[in-house]
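Heads up, the thing below is written out as structure tokens.
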Amino acid sequence: MAFRFNFCIDENESNEPEAHDKMCFPKRKQDSIEKSKQTPDTAADPSLRLGTEKHQEEMLSKTKFCFKAAKEHSIPEDLDKVLENKVMETVSGLYYIKMSVVEMMCLDGADTEGIVSKSVSSHSDLIPGVYEGGLKIWECTFDLIDYFSEAKIQFTNKTVLDLGCGAGLLGIVALRGKAEKVHFQDYNSTVIDEITLPNTVANCTNKGSRMGSGDNRTTSKPPSKRPRNAECLPDVLTKCRFFSGEWSEVSRLLLSSNKPFSKYDIILTSETIYNPDYYSALHDTLAQLLDKNGHVYLASKAHYFGVGGGIYLFEKFIEERNVFRTSIVKIIDKGLQRCIMEMAFKDSS
Ligand SMILES: C[S@@+](CC[C@H](N)C(=O)[O-])C[C@H]1O[C@@H](n2cnc3c(N)ncnc32)[C@H](O)[C@@H]1O
């Protein structure tokens, strides 16, 4: 059932976002990278959609020049505008923007980075150094949300970073859990402007009924009514900051900014370790931004076919750097194996 006002909700019968089952990767040219411990047949993930050989070559060369500048996105004063013409759906009691509508608007000019047209023309949901997949909701996001409930992860009064946030659902769950502040980062500015910010605003509406209620995914129901407008709870939205850019650049921006910055108690990150070329930047960003007693919760597939990364390769990388201890706290063995990893500094209490 759909509502229309400033934006509408498409109550999705299956309660599953349309996008997360359409993940596609470019193929890595050389497969010299060590395979993960779990290497099920590629056919186990029929959703992988690979670009053409020519396109893959271009993408690989771009991987080497991955320095997208960092930028902080201000929250527009007119929140109704943020949600204008958006179509909302719900999953697990969370609003999220219907991606196909955003894609249409982006093809109509709203996408200054041009990532939607590039993604469409390359038939790929991942163009290294250009578009890193944030327009879709990837399935490990839901694994991590489930894990928060199961492990009773506490966000109350914590400072949280949703790193590689895409739709930002992890950060939004942390906001619901009464986090003191939540920062969102995505590689692409279009993703922040067209997806993350609207999703956060949409989930900050309807005073008191959802935000800060402490509900978790298993107990909360999808909102039954569309918010009449974006009368956002100021105290909730003022807890949020939004950043785009490459990880090292965002880290540099945060650490050198005039605004006060305290390191994060919790860093959440889902489906961000597919590309081993980014491991060093990711590792150093986590090391620079995590509080000395903080925790990282990372969700990933065991192996990303076509790109080469995966949980065991990343685990090995982390071990070699000798900064963090890691623990795989949950394995989801449906089809392509997926995992949740917890990380903390080796010398933390
Ligand atoms: C596959 S998407 C996952 C999005 C979201 N976390 C989810 O689970 O739906 C990977 C995300 O990681 C981020 N990312 C990947 N590589 C990055 C890099 N080198 N620098 C900054 N962000 C990067 C992108 O912002 C992208 O949204």
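Close Cβ contacts (under 9 Å, 6 or more residues apart or on different chains) running from residues in region 185-200 that are in a helix (DSSP H, G or I) and more than 13 Å from the ligand (Cβ to nearest atom) to residues that are of a type in the set (Lys, Arg) and at pLDDT below 95 comprise Pro198/Lys86.
Criterion first (modelled with pLDDT under 65 and surrounded by fewer than 17 Cβ atoms within 10 Å (Cβ to Cβ)) does Thr238 satisfy it? Here the answer is no, as Thr238 does not meet what is asked. Here Thr272 fulfils each of the conditions (1) within 19 Å of Thr141 (Cα to Cα); (2) of a type outside the set (A, V, I, L, M); (3) in a helix (DSSP H, G or I) apart from (3). When Lys136 is tested against (1) under 20 Å from Thr90 (Cβ atoms); (2) surrounded by fewer than 21 Cβ atoms within 10 Å (Cβ to Cβ); (3) out of contact with any strand residue (DSSP E or B) (no Cβ under 9 Å at 6 or more places or on another chain), exactly one condition is not met: (2). Out of Arg228, Arg217, one residue alone is more than 18 Å from the chain's Cα centre (by Cα) and either within 26 Å of Leu126 (Cβ to Cβ) or at pLDDT below 90 (or both). It is Arg228. It is to be established whether one or more residues within region 266-289 are touching a strand residue (DSSP E or B) at 6+ places or on another chain (Cβ under 7 Å), in contact (Cβ under 8 Å) with a residue 24 or more places away in the chain and away from the ligand (no atom under 16 Å from the Cβ). There is no residue in region 266-289 that is touching a strand residue (DSSP E or B) at 6+ places or on another chain (Cβ under 7 Å), in contact (Cβ under 8 Å) with a residue 24 or more places away in the chain and away from the ligand (no atom under 16 Å from the Cβ).
One residue stands out among those in region 168-197 that are touching a His at 6+ places or on another chain (Cβ under 8 Å) and of a type in the set (Gly, Ala, Ser): the one that is surrounded by the most Cβ atoms within 10 Å (Cβ to Cβ), which is Gly171. Candidates in region 149-167 are the residues that are among the small types (Gly, Ala, Ser) and under 22 Å from Val329 (Cα atoms); of these, the one that is surrounded by the most Cβ atoms within 10 Å (Cβ to Cβ) is Gly164.
Of all residues in region 73-101, those satisfying the criterion of being among the β-branched types (Val, Ile, Thr) and in contact with a Leu (Cβ under 7 Å, 6 or more places away or on another chain) are Ile75, Val82.
Yes/no per residue for (1) within 21 Å of Asp235 (Cα to Cα); (2) more than 16 Å from the ligand (Cβ to nearest atom); (3) at pLDDT 95 or above:
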| site | (1), (2), (3) |
| --- | --- |
| Leu83 | yes, yes, no |
| Val101 | no, yes, no |
| Met104 | no, yes, no |
| Lys118 | no, no, no |
| Ser121 | no, yes, no |
| Glu150 | no, yes, yes |
| Asn157 | yes, yes, yes |
| Leu170 | yes, no, yes |
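For region 316-342, the tally of residues that are surrounded by 14 or more Cβ atoms within 10 Å (Cβ to Cβ) and among the hydroxyl-bearing types (Ser, Thr, Tyr) stands at 1.
The values are calculated or read from the model by the stated rules, or taken from the named source; none is laboratory data. All figures in this text were calculated on a predicted structure; none of them were measured in a lab. For neighbour counting, all protein chains shown are included, and Cβ atoms are generated from backbone atoms with ideal geometry for every residue, glycine included.
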